[in-house]
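The values are calculated or read from the model by the stated rules, or taken from the named source; none is laboratory data. As the structure is a prediction and not an experimental result, all values here were calculated from the model. Ideal geometry is used to build each Cβ from the backbone, glycine not excepted, and the neighbour counts take in all protein chains shown. Protein only, heavy atoms only, side chains kept; ligands, DNA and RNA dropped before computing areas. Shrake-Rupley method; radii C 1.70, N 1.55, O 1.52, S 1.80 Å.
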Amino acid sequence: MSDEKLLEEINSFQTLWKGGFRTGYKKKRNQKGIEEYLKKNMNGKYCLEIGCGGGKWSKFIYNLNIFDNIYCIDVLSSEHNKFWEYVGSDKKDKIKYVHVKDFELNDIPNNCLDYVFSYDVFCHISYSGHEKYLENLYKKCKINCKLCIMYADPKKYLSSEPENLNHLKRYIHNKGTDCETNEELIEKCLLDKDGIPGTGADVGRWYWVGIENFINLCSKYNYKILNNDLNIDKTNPITLFTK
């Protein structure tokens with residue numbers, strides 16, 4: 001995907017989530033379980049959260065009192081997200097909010113990160129956006145930096161939430177195609193992993209990149225996979241990997 005298309009993708013979010021998107025506590029998403037995992041496994045001095053939105057995870061990470069510095073980046077401004085209203089301006093002692101306009105991560109120092117976390121973000125980013133982030137993250141991470149990233153896989157989604165079969169069918173139908181079997185539906189979702197940004201009701205669309213494609217991207221940029229899927233979110237994969 002060209003830089004122009006990636007810019008279009010980023011710009012497509014500008015009207016979304018006024019007041020800040022904050023992850024909910026749906027049972028199969030298992031946010032409490034993810035919190036327990038992070039409590040036990042986060043470490044280091046410098047943390048990056050990609051796509052902080054309204055600050056639900058940012059506040060949680062800050063309150064763990066592990067990191068000296070937390071970079072919270074988002075394609076929407078802190079004002080749009082009402083980030084500081086939710087997180088608390090007193091937390092500026094450790095949190096630096098960075099309003100990004102690309103995938104370059106130029107505001108993050110090289111070779112500084114000990115931990116990278118992202119949830120409910122990469123599912124809205126195309127395969128090309130995944131690739132750009134993974135390429136640029138590498139030089140920002142210290143050796144042995146851990147990266148814990150959630151994204152979208154149609155097979156896992158459908159296995160976990162079969163009641164939402166029609167959601168995927170509508171998604172594919174809106175792309176101008178239909179499917180007769182679940183296997184064909186999954187294949188069509190994966191084929192559209194680098195599709196065009198959403199418009200109208202499809203703004204903020206999901207990109208079904210899939211576990212295999214994500215793992216292959218990690219390998220391409222010389223990351224070591226520690227766990228293909230932590231499986232603490234029963235609907236979406238969370239891959240753990242390291243530099």
Mean accessible area per residue over the chain (1.4 angstrom probe, all protein chains present, square angstrom) is 47
Farthest towards the positive end of the dipole of the chain, among Y151, C179, H167 and with Cβ unit charges of +1 on Lys and Arg and -1 on Asp and Glu, lies the Cα of Y151
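Could you give the size of the charge dipole of the stretch 9-122 about its Cα centre, using +1 on the Cβ of each K and R and -1 on the Cβ of each D and E, expressed in debye and rounded to the nearest 20?
Working: 18 positive and 15 negative charges, 138 e Å.
The calculation lands at about 660 debye.
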Which of (1) 18.7; (2) 14.0; (3) 12.2 is the computed mean projected area of the Cα convex hull in nm²? It is (3)
Rounded to the nearest 10 Å², the 1.4 Å probe accessible area of R29 is 40
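Where does each of L113, L7 land when they are ordered by accessible area, with a 1.4 Å probe and the largest first? Spell out each step's value before the answer.
Details: L113 0, L7 85 Å².
Highest to lowest solvent-accessible surface, that is L7, L113.
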Surpassing 32 Å at the alpha-carbon level, of the pairs K193/K243; K91/K156; K56/K224, are K91/K156
Restricted to the chain, the DSSP antiparallel beta bridge percent, nearest 5, is 30
Dividing the helical contributions, -39500 (n - 2.57) per DSSP H run of n ≥ 4, by the residues of the chain yields a 222 nm value, nearest 500 deg cm²/dmol, of -10000 deg cm²/dmol
Relative contact order of the chain (C-alpha contacts under 8 Å, at least 6 apart) in percent is 22
Checking every Cys Cβ in the chain against the others at 4.7 Å leaves as unpaired C47, C112, C123, C148, C179, C189, C218
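Do you know the relative contact order of the stretch 96-203, to the nearest whole percent, from alpha carbon pairs under 8 angstrom that are 6+ apart? Write out the running numbers ahead of the final one.
On the way: 87 pairs, mean separation 29.0, N = 108.
For the stretch 96-203, the relative contact order is 27 percent.
Multiply the residue separation of H173 and N41 by 0.36 nm, subtract the distance between their alpha-carbon atoms, and state the gained length in nm to one decimal. Walk me through the numbers before you get to the answer.
Details: separation 132, 0.36 × 132 = 47.52 nm, distance 4.11 nm.
Gain in length upon complete extension: 43.4 nm.
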Links exceeding 26 Å between C-alpha atoms in this model, out of K40/K101; K59/K146; K94/K140; K5/K92, come to K40/K101; K5/K92
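In the chain, what percent of the accessible surface is made up of carbon and sulfur (1.4 Å probe, ligands and nucleic acids excluded)?
Numbers: 5300 of 11390 Å².
Carbon with sulfur: 46 percent of the solvent-accessible area.
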